[in-house]
Structures are given as structure tokens and as C-alpha cells.
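Written below as C-alpha cells is the structure these notes are about.
The values are calculated or read from the model by the stated rules, or taken from the named source; none is laboratory data. These numbers were taken from a predicted model, which means no experiment stands behind them. Note that we place each Cβ from the backbone using ideal geometry, even for glycine, and neighbour counts take in every protein chain shown. Surface areas here come from the heavy atoms of the whole protein model, side chains and all, with no ligands, DNA or RNA. Shrake-Rupley method; radii C 1.70, N 1.55, O 1.52, S 1.80 Å.
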Amino acid sequence: MGPGRYNLIYGFFKNQIEFGYYREGDCLPSVETLCSVYQVSLQTVRSAYLQLQKEHYIQLARGRHTVVLYNAAADVYLHNLQDYYLARKESLQYLDRNLRTLFYPLFLAGARLLRKEDMLAIKENSLKIVTEPFQISFYCGRQAILVHKNRLAFDLFTESILFYQFLPSLAMHVSSSETKRQLEQLSEQMANDCEQGDREKLVCTYFQILELLNHSLHDFINQAAQSRPVPAQIRFHWQVYRERPQKCYSIAAHLIGQIYIREAYGPGDFLPSYGAMSKNYSVSFSTVRRAVELLASLGIVTTRQGLGTQVAAQTDTVSSNKVLQRIISMFLQVLQIISISLDRIIEQFFPGPRWRTEECLCNLRAQQAQGNSFRMFLIGVGILLCSNDDRPIKEIWDKFYEALLLGLPLLETRAAAQPETASQLLSHAALIIQGLDTEDRFVFHDSLENMMRLVISTAEQILHNLNDHEERKNV
């Protein structure tokens, strides 16, 4: 597992120790427990713990418990906690308002797939809610997300809830008797929901718990802001590519958008020089080179010695390698998230500002005239993902759209081989244009949903072929 996951574990326990949730002499969870919770390797957890030991937060002992060494006065713990949340005040407000759009449908769909033993485990954890309020806020959501077998969704859930720090330390400072009473009632309700197997009610109760905890959090932040200066704001940042270079993939996705969607570069055109792109994207030459290599592996460009990087006349048959497998796998994971949350996304973001709608319609009609069905699908999804400028949710939407752009060239290679699918996509795309033009949410929803099914089917076939090729190569 890459450094992204290591940093999450390290950052969480470092903060919880500084906040006073874990005090001197307390034992941290075992390495094996954290491997199960975070879905990571033993080495990843050990590396995080070793860094904490190096910084004198904990003491590791082979075959014994991991013990906290850090000690501070009570007011230091409180100030650490206040500083953490004050620095994230703006991002937390936006997250509260927007993440429900994604996570409520994902939790609900996942809860419907939970096994009886999963429900009993959630019931057991719900009874700890007053003493360990973060247990259920993490455990219940984690179980519902894991059912989807979608690593991207799990990563987003984990990073967002870690940004909140599970709220365990906060409970030590703001748990009023009334809050505790409400938590007790909700925990009993959740246990009853699990006992009766009522999965939909379970999700509703779960979100009531989150709402109560978030309300306590914002009260705490507002009170802290009256006595302490608000520091420079720290944005929520989703490490979507994990161990892979963020900028490299982002640049490649942007260039794909320029070639396929914006049509700023046509077949035979040369991309800007490495130097120009390095300056434009504010990255190193090596990052630009990796981005171009990724485009070449997708069959989009060719590098001509002494001349530069030229856009291919047509998307070549791509080579099969693990990078392409990851790209199409991420493409499918994004589509799974969007398809599950589509109703809420459209309800919140459709049709968006009229100028964006007009721009989208212009792009759709241009692609329709050329018969570019897969590109039309991406533009249709893009109108939803580009309609919210609120940070940090915009960053999440942007990463979704990047992942879809990276998969587009792989879909384009299938267009000629699947004329019937392309024809069906074009028919649905015509209805997308109609829905956008008349701002008819239902026409837009149904046509985009139908397109999504066809695109998912095509992408699954591509991934199957790539996996088969790798297996044969390794025999």
C-alpha cells in the first residue's frame, strides 16, 4: 500500500494523541486490528507506528502493547483540538452540505446487501455509542461501503471521516447531558433497527447520529472562534491516485479533454513542448514526460524524435498493461458511485447555470454531428460534475471527471468494433440534448442512465480483455 494510506493512519493517531483522546500510558489498537479496519498491509501500519515512535508519541515493544508516551496539560490538549477544527472550518461546512449527496445513496444501497451477521455486528457496536461515539460513525458506514467492493468509494469515505477525526476527542469536551441522552436513544433505535433487519431505517438512524455529532462539532468550532484566532484554512484533499503521481494523471486527463472534448488539438497536431507544458501546469519535466508516456500507452499520441509529441490520426490499439487495467477499473468505480447516487446528484445539480448548459449543448451537438457516442456520454456526465463550484466537493467531482476522461480513449477503441452499441448511445444522447434543452430532469435522467448501462457494459468487457491478456502473458 502506498504512502497515502500510511499518512492517513499516522495522521489520525498523531492527532488523537495530541487531542488527549489517547493519554500517556494508554494502549493503541494492535497492528492486526488496524490492518482489518483500514484494509491495508501489516507493513503499512508498522510504518505509521514507527514514525509515531520516532517522534516520541508512542513506544513500540515486540509482543507487547503499543503504549502512548505523549503527555501534556489539559489546556494544551484543548488548544490542539481547537486549532485543528478551526483550521478546517470552511471545508467542514462544505463537506456537511455535499457529501450526503454521495454517501446517503451509497450507504442505503450497501445496507440492503448486508448479511445478518453484519447487522448483528453493527448492533453490538451501536451499544457503545455513548462511550465510543466514533465507533458507530465509522463502523456502520464502513460496512455499508465495503459491500460495494469499490476501492475508490472506500478511500473517499475513509479520508472524509478521517478529516473529521471520527469526532472521538470532541466528545470529551462537548458531550452535554442532553447530547448523551439523544445518543443513547439513537443507539437503542439502531440496535432495534438491526434486530428487526430494517436496513433502510438503519441508514436513517445512522445519519441522525452523524447529524447530531456534526451539530456538536460546529457548536464547538463557533465557541472556539470566539476565544482563539482562526488560522489559515486547510482544505480537504482527496488523494485519489494514492501511490501514483497525482499531477501526472491530472495532466494526462486534461490533455485528453483538450483532444477529445474541446478538440483543441486534432490528428497530426503537435502538443506544446515539454518546457511549455511544464510551465503551464507548474510541474517538473519528469512529470510532463510521465503524462505523455501515459497518453502514448493509451494510443493517443506518438513521440517523433526532434519534432515533438503528435496527436495520433486515430486512437491506436492500446497495449495491455497494469496501468491500463487500473485506469479502466477506476473508470468503472466512478461510474458505480455516480449510478448509485444519480438521483440525488441530478436533483441537486441539474440543470446548473444556463451558460454551462448552453456550452454543454454546443459540445454535444458538435460530437453528435461526428457520431462520437462515448464522448457525448462524458459530456452529459460532465454537466453534473462541473455544476458545483463549492470547495472541497468540486475537487471530488473534478477527480471523478478526470478518471472518466482517462478511460475515454479505451472506450473509443471499442466504438468501431461495436456499431450497435454506438448507435444506441447516440439515440440516448439525442434525448440528453432534448432534456438539457428543455431542462426536463426526467428525460435527462433516464437517457443518461441508459447510456451509463451501455458504457459500463463496454468498460467491463475492456477490463475483462485486459485481465485475460495479462493472465496469458504470465502463464
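When you count, for each residue, the other Cβ atoms within 10 Å and take the mean per peptide, how do 194-201, 340-347, 285-292 rank with the highest first?
The densest-packed peptide leads the list: 285-292, 340-347, 194-201.
Pick out, in residue order, every one of the trypsin sites (Lys or Arg not before Pro) in the stretch 41-109 that is DSSP loop and has at most 13 other C-beta atoms within 10 Å; say none if there are none.
Those satisfying the criteria are Arg62, Arg64.
Could you work out the relative contact order of the chain, using alpha carbon pairs under 8 angstrom and six or more residues apart, expressed as a whole percent?
15
Want the number for His237 to Arg181: 0.36 nm per residue separation, take away the alpha-carbon distance, what's left?
16.7 nm
Could you calculate the contour length gain from Ile456 to Gln258, that is, 0.36 nm times the residue separation minus the distance between their Cα atoms, to one decimal place in nm?
Extending this stretch completely gives an extra 68.9 nm.
By how many nm would the segment from Glu32 to Gln93 lengthen if fully extended, with 0.36 nm per residue of separation less the alpha-carbon distance?
Between Glu32 and Gln93, full extension yields 18.5 nm more.
Under the √(5λ) rule applied to the eigenvalues of the Cα gyration tensor, what semi-axes describe the equivalent ellipsoid of the chain? Give them in Å, descending.
42, 27, 22
Could you give the accessible area per residue of the stretch 280-351, probe 1.4 Å, as a whole number in Å²?
On a per-residue basis, 46 Å².
Less than 13 Å Cβ to Cβ from Ile221, Lys/Arg counted +1 and Asp/Glu -1: what total charge do the surrounding residues give?
Local net charge: -1.
Got a number for the accessible area of Met451? Probe 1.4 Å, square angstrom, nearest 10.
Estimated to the nearest 10 Å², Met451 gives 0 Å².
Can you give the Rg to Rh ratio for the stretch 250-323, taking only C-alpha atoms and Rh from Kirkwood?
0.93
Taking H as built 1.01 Å from N, whose amide H comes closer than 5 Å to the amide H of Thr66, not counting residues under 5 places away?
Sorted by chain and number, the residues that satisfy this are Leu28.
Note down the nm distance, to one decimal, between modelled labels 7 Å out along Cα→Cβ at Ser282 and at His218.
Simple spin-label model gives 3.1 nm for this pair.
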